1. Would you please name the residue that is nearest to Pro69 (Cα to Cα), looking only at residues in region 17-45 that are touching a Phe, Trp or Tyr at 6+ places or on another chain (Cβ under 6 Å) and outside any helix (DSSP H, G or I)?
2. Can you name every residue in region 46-66 that is assigned to a helix (DSSP H, G or I) and surrounded by 14 or more Cβ atoms within 10 Å (Cβ to Cβ)?
3. Please state which one of Val94, Val101 is touching a strand residue (DSSP E or B) at 6+ places or on another chain (Cβ under 9 Å) and surrounded by 20 or more Cβ atoms within 10 Å (Cβ to Cβ).
4. Return the residues of region 97-137 that are farther than 18 Å from Glu155 by Cα, among the β-branched types (Val, Ile, Thr) and not in a loop (DSSP other than H, G, I, E, B); say none if nothing qualifies.
5. When you go through (1) within 19 Å of Arg27 (Cα to Cα); (2) in contact with an Asp or Glu (Cβ under 9 Å, 6 or more places away or on another chain); (3) in a helix (DSSP H, G or I) one by one for Pro69, which number turns out not to apply?
6. Go through the residues of region 80-91 one by one and say whether even a single one is farther than 29 Å from Val116 by Cα, in a helix (DSSP H, G or I), in contact (Cβ under 8 Å) with a residue 40 or more places away in the chain and among the polar types (S, T, N, Q).
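Each value in this text was obtained by applying a stated rule to the coordinates, not by laboratory testing. The structure presented is a predicted model; accordingly, all values stated were derived computationally and were not measured. FYI the Cβ positions are ideal-geometry reconstructions off the backbone, even for glycines, and counts take in every protein chain you see.
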Amino acid sequence: MSVAFVKEESAEAASETVLPARPISDRINLVTEAGLKSLEAELARAQQALDAANLLEDVNERRRQAAVPLRDVRYYAERVRTAQLLPMPVSNDVVAFGHTVTFERDDGRTQTFRIVGEDEATPTEGSISHGSPVAIALIGKTIGDVVQMGPRELEILSIS
C-alpha cells in the first residue's frame, strides 16, 4: 500500500474526529448547588473518558474515541468556570431563581416547576431554565399574580 494512501486515510480520520464545540448560551450561568455538583461530575466523567481514549495506541482510533470527551471537557470546564452559585431564596414572597412555582393555566391545567440553571433544567422532571419564557414571566411575581404567556395566562398559586 502506498504511503500516500495511509496519510490520506489519517487525514480523513482526523477530520472526522474534529467535532464542533457544544453551543454555550450567552446568558449568565446561574446554578444551584446541585447544578454545580452535576457540572463538576460531568466534567470529571468527560475527563476520565478522554484519559481512557488517550491511552489507545492506534492514533486514528484514539482520535475517534477522544472526539466526544474532548468536546465535553471543553464545554463542562467552561460551564464550571463561569458558574455563579446562587443560594436558595430566603423568602417565598416573590418568585426567584431556585424557587418551585405552581401555577394554573387559563385552560385549567396546573403545573409545578423549579427554576434552575440552564444545564440542570429538565422540564419533564419538573425543572425549567431561568432563561425560559415561563421562568422569565414568573420571576419577580407573587402568589395571585397573573402573567401573560403569548395568548395564554398563568396564575401563580404557590411559591416554595
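1. So, considering only residues that are touching a Phe, Trp or Tyr at 6+ places or on another chain (Cβ under 6 Å) and outside any helix (DSSP H, G or I), the one nearest to Pro69 (Cα to Cα) is Arg22.
2. Correct list: Ala46, Gln47, Ala49, Leu50, Ala53, Asn60, Arg62, Arg63, Arg64, Gln65, Ala66.
3. Checking each option against the conditions leaves just Val101.
4. Within region 97-137, Val116, Thr124 meet the criteria.
5. Here Pro69 clears every test but (1).
6. For region 80-91, residues farther than 29 Å from Val116 by Cα, in a helix (DSSP H, G or I), in contact (Cβ under 8 Å) with a residue 40 or more places away in the chain and among the polar types (S, T, N, Q): absent.
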